[in-house]
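Working notes for the structure below.
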Amino acid sequence: MDTTLNGSTRVPPDPEGAGVELDGRGLTVPDVVRLADAAAAPAVPPEALDRARHSWQAAARLAGAGRLYGRGTGVGAHRSVPVAAQDEAEHGLRLLRSHAGGAGTLLPARQVRAMLAVRANQLLAGGSGIQPAFVTALTDALRLGVHPAVSEYGGLGTGDLTALAQTGLTLIGERPWLTDRPERSGPPVGHDGGPPPTEAGFLPPGFPVQRRGAVPGTEPGPTADAAPAGPSSPLPAPVVPQPGDALALLSSNALTLGLAALACHHLEVLLRATHAVAALSLAGVSGSLEAYAPEVHALRPYPGVAHAAAEVRRLLGVPGRPYGAGRRIQDPFGFRSFPQAHGPALDAAGALRRIVEVEINCPSENPLISADGTAAHHHGAFYAAPLGLALDGLNLAVLQTAQLSAARLTALGRSDLTGLPGFLATGPASSSGAMILEYTANSALAELRSCATPASAGHAVLSHGLEEAASFASQAARQSLRAVDAYTTVLACELVTAVRALRLHPSPPPVPVFTVPAAVLPAGTEDRPLTADVAAAAELLPVLADL
């Protein structure tokens with residue numbers, strides 16, 4: 001199935017028994033989503049594991065010939081502080097324990113699973129110098145349905161140090177695994193079935209396990225609260241850390257990339273659904289299709305803009321050269337300028353996907369072990385400016401098209417534009433009809449506006465001034481996930497209003513883009529609570545995206 005912009009970005013169902021191959025080269029955004037949803041199991045080809053093993057062996061040789069950053073030295077401002085050879089293994093443990101200082105609410109299992117998938121694939125690209133047992137443990141966790149407890153706050157777009165340190169302590173057995181499956185009550189358990197240790201860096205008995213509220217549209221149905229994996233739960237075998245493993249594991253933006261992959265996928269679905277919702281609203285106001293004519297867009301060849309116009313024409317079943325100017329010479333911007341506002345969002349989503357798929361398929365570790373094993377390169381490739389800027393760009397572009405969605409919703413309530421009753425009310429003259437949905441949509445739009453504040457404009461000076469800037473891609477990724485929720489609400493409000501308008505219209509279009517939602521959404525137009533209507537419309541958006 002085509003997964004390009006001009007086809008779709010659907011995640012096709014896996015054939016029975018199929019998995020997602022983690023080879024360090026070909027992981028895609030849909031693959032990350034499948035693994036995050038536990039809809040597929042990871043498969044690691046032997047040659048990819050061999051690549052990781054060669055990198056591990058090369059790192060050991062290079063370390064024997066001279067100190068490597070983070071292995072024979074401290075990190076950050078302590079980069080020049082030597083570490084004795086006999087202390088390297090303990091130094092790695094101290095690094096994991098000291099960096100596991102994340103805070104805030106625990107992330108949902110789905111987001112943590114996305115991180116595990118990304119990190120395993122990056123390590124299989126070679127260049128990290130980590131022992132392959134860590135890769136095996138990461139993929140085992142995905143396969144067994146367990147995940148580490150990862151806190152929300154800690155990353156700044158220069159490496160997800162706290163999240164990966166918490167993960168590392170779980171991989172070596174110092175923190176318990178969590179599971180989405182409900183387990184028998186009781187305190188968290190360690191790998192031996194007893195309570196976990198309580199020394200520094202360990203989880204105390206009764207560790208509070210909680211989940212953040214799921215973003216509507218980003219969780220695959222109701223899930224139980226995450227709970228510690230019980231004694232009967234199969235768990236990955238604890239890894240015995242060796243010199244160099246700690247920094248090799250930490251040197252990545254895997255959590256940010258996992259969140260970005262999830263946000264990118266869900267926003268792509270919503271952006272496809274927007275074509276259908278905008279088409280319904282255009283029909284609801286008897287709008288002109290002149291602004292969607294192929295000739296108009298051929299003169300200004302922006303791919304996303306032309307695609308948005310073509311999708312509206314296709315969904316409404318009009319010929320390539322639309323005839324009839326509608327009832328007005330020019331429609332309001334929400335209708336007339338829809339392609340120009342929506343096209344950049346399509347382009348921004350495509351740009352983000354390309355960047356995510358580069359980053360999840362290449363090594364990011366510092367130092368980077370060369371492919372031939374002869375050199376270790378110290379670098380700043382973990383500085384996630386390309387990712388942060390792409391996320392900010394998509395968040396801003398989604399805001400632009402969402403603003404026109406709210407404008408179309410308002411227009412649908414205007415009798416002077418539609419020829420229908422004001423606010424689409426059919427009761428007594430004082431009836432409010434769909435009036436309140438303007439308020440609901442604009443409330444969600446305000447949240448989108450907050451999400452669109454560029455995270456890249458942030459600034460931080462850390463580690464005694466050695467790290468004097470940050471990309472803040474981590475914050476941009478969280479904003480994108482919040483934007484999924486807010487944009488879903490804006491579109492759902494417009495969809496409810498557009499379907500109501502077309503039900504009152506003298507000649508609604510006999511096309512699936514109308515008949516499909518009309519068969520599902522409540523039909524009554526009396527004054528009543530519309531919360532259930534909006535919820536049903538939100539559930540319909542992925543269906544409309546696939547029309």
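Read the figures in this text as sums done on the coordinates, not as results from a lab. Quick caveat, the model's predicted, so the values are computed rather than measured. Reconstructed Cβ throughout: ideal geometry from the backbone, glycine too, with neighbour counts over all protein chains shown.
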Rg over Rh, two decimals, region 465-547 (C-alpha only, Kirkwood Rh): 1.24
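For 115, 435, which order do you get if you count the other beta carbons within 10 Å of each Cβ and list the fewest first? Intermediate values should be presented prior to the final figure.
On the way: 115 29, 435 16.
Ordered by Cβ neighbours within 10 Å, fewest first: 435, 115.
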Cut-off under 5 Å, modelled amide H: who pairs with residue 160 long-range: 252, 253, 254, 255
Distance histogram for region 345-495 (every C-alpha pair counted, 10 angstrom bins, percent rounded to whole numbers): 11, 28, 23, 17, 11, 6, 3, 1, 0
Sites residue 78 and residue 329, calculated FRET efficiency, Cβ-Cβ separation with R0 56 Å, nearest 0.05: 0.20
Stretchable slack from residue 151 to residue 362, in nm (0.36 nm times residue separation minus alpha-carbon distance): 73.4 nm
Distribution of pairwise C-alpha distances over region 420-525, 5 Å bins, in %: 2, 11, 15, 14, 13, 11, 9, 7, 5, 4, 3, 3, 2, 1, 0
Cα coordinate range in region 22-95, projected on the principal axes (Å, largest first): 45, 25, 17
D_trans [Stokes-Einstein, Kirkwood Rh over alpha-carbon pairs] for region 241-352, 10 °C, 1.306 mPa s, µm² s⁻¹: 99
Karplus (6.51, -1.76, 1.60) ³J(HN,Hα), θ = phi - 60°, over region 100-116, in Hz, Gly and Pro reported as x: 7, x, x, 9, x, 5, 5, 6, x, 3, 4, 5, 5, 4, 4, 4, 4
Cα centroid of region 123-141 to Cα centroid of region 453-515, whole Å: 34
Size-normalised alpha-carbon gyration radius of the chain, reference 2.2 N^0.38 Å: 1.07
Placed amide H near residue 21: partners under 5 Å, 5+ positions off or other chain: 43
3J(HN,Hα) from dihedral phi, region 356-364, Karplus parametrisation 6.51/-1.76/1.60, rounded to Hz, x for glycine, proline: 4, 6, 5, 5, 7, 10, 9, x, 10
Integer Hz, Karplus 6.51/-1.76/1.60 couplings in order for region 266-276, x for Gly and Pro: 5, 5, 4, 4, 5, 5, 5, 4, 4, 4, 5
Amide H partners (placed H, <5 Å) of residue 462, local residues excluded: 467, 468, 469
